[in-house]
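First comes the structure, then the notes that go with it.
The values are calculated or read from the model by the stated rules, or taken from the named source; none is laboratory data. No experiment lies behind these values; they were computed from the predicted model shown. Virtual Cβ from ideal backbone geometry, glycine too; neighbours counted across all protein chains shown.
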Amino acid sequence: MKEFLSDLDDRLNWLPPWFVGFVLIVGAIIVGLVAHRLLFNMLTRLVSSWDLFWRSLISRTERPARFAIVVAALSFAVSVAPLTDVQSSLLRHFLLIAFIALIAWMTKSAVHIWMIVYLRRFKLDAEDNLLARKHVTQSKIMQRIADLLIVILAIAAALMTFEPVRQYGVSLLASAGVAGIVLGLALQPVLKNLFAGIQLAITQPIRIDDALLVEGEWGNVEEITSTYVVVKLWDWRRMILPLSYFIEKPFQNWTRESSSLIGTVMIYLDYSVPVSALRREVEAIAAASALWDRRVVNVAVTDFRETVLEIRILVSASSAGRTFDLRCEMREKLIDFVQREYPKALPQLRMDLRDLPGNEGHASPA
């Protein structure tokens, strides 16, 4: 190799050194890109008939591998190119920063691949997906926190390679000194949400696909990022809330312990309604419904009003969406039953005609 390089030097003596260096660097980049393309074409054909995981793995690592091969080729080119001390120093510094970025990129890719492998055993589309939602939520929050920390550490390491700003890199890395305090105050909202994300991942007051009643709106948790939560509302609108909201403010989680829910239907009827007949009809409606999970059905008179009875009906279903649909079905069929069988039991207003002017002493109608 030394003889080859010496012979090459003799042949190219008539060319300016900067031009030779430029040609070697550009050539190294082209060779690296071609080598990467050939390697990944071969690997893609090799895993084309394998499991989806391996195809995804090759696809996911393609860009970091291209960057690594180009950096390696540039390193070789810089070591053999006829560069001045200043040019060599600048390029080596650039390669050091590129190496730090490569390590960060590879670490992020490794975290992502680990999460995919870990979550392959859990299915969110299962009937009872409580365990899956728990693990998916924890993994995604921790992945985003890990990604953020990797970026911060990479920026700090890159800053520390510059002598004039090394102290800022140390401050960012160690969070110490006046610069660290000022930076901490400036980033207070970000850090607040970062720690809220860690707390959410550990305690899990919400999970992916949980049914929530928040700010007077009902919806499902669609996405949890490192700074905010996306709630998909029932009418497909999206409500965006900071992570800290779910630590500091009250909200309702309808699927905290289980996806099953008990739905409530309130109906107000005249005192003449036979409650036992109403109870039998409610049980029959629930039994005939494909939405009922065969666990809870109950009818109770919960209050006496001036003109009506307050009757509460409880029915259960396996998920929040099915519970809502079952409540609607119960209302429709129950009011149809009352209208058909006991029309006089619908709420009525009674008036005593003896209270009207000029009708004193007359008997009121039966």
From Ser109, Ser89, Ser48, residue being assigned to a helix (DSSP H, G or I) and at pLDDT below 80: Ser89
Test: residue in the stretch 276-295 that is in contact with a Leu (Cβ under 8 Å, 6 or more places away or on another chain), within 25 Å of Leu213 (Cα to Cα) and buried (at least 20 other Cβ atoms within 10 Å of the Cβ): yes
Close pairs (9 angstrom Cβ cut-off, 6 or more residues apart or separate chains): surrounded by fewer than 15 Cβ atoms within 10 Å (Cβ to Cβ) in the stretch 103-125, not in a helix (DSSP H, G or I) anywhere: Lys123/Asn129; Leu124/Ile208; Leu124/Asp209
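Inside the stretch 226-333, counting only strands (runs of 3 or more DSSP E) that do not spill past its ends, which hold 2 or more residues that are within 30 Å of Pro347 (Cα to Cα) and not basic (Lys, Arg)? Show your work before the answer.
Numbers: elements: 228-233, 238-242, 261-269, 292-304, 309-317.
The qualifying strands (runs of 3 or more DSSP E) are 261-269, 292-304, 309-317.
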Residue pairs meeting the criteria (Cβ under 6 Å; at least 6 apart or on separate chains; first within 18 Å of Asp209 (Cα to Cα), in the stretch 310-332; second part of a strand (DSSP E or B)): Ala317/Asp293; Ser318/Asp293; Ala320/Ala211; Ala320/Leu261; Thr323/Leu261; Thr323/Gly263; Thr323/Ala317
Complete set of residues in the stretch 237-247 that are at pLDDT 85 or above and over 15 Å from the mean Cα position of the chain (by Cα): Arg237, Tyr245
Every residue from the stretch 235-251 that is closer than 17 Å to Ile208 by Cβ and surrounded by fewer than 14 Cβ atoms within 10 Å (Cβ to Cβ): Arg238, Ile240
Checklist (1) assigned to a helix (DSSP H, G or I); (2) at pLDDT 75 or above; (3) surrounded by fewer than 17 Cβ atoms within 10 Å (Cβ to Cβ) applied to Leu131, failing item: (2)
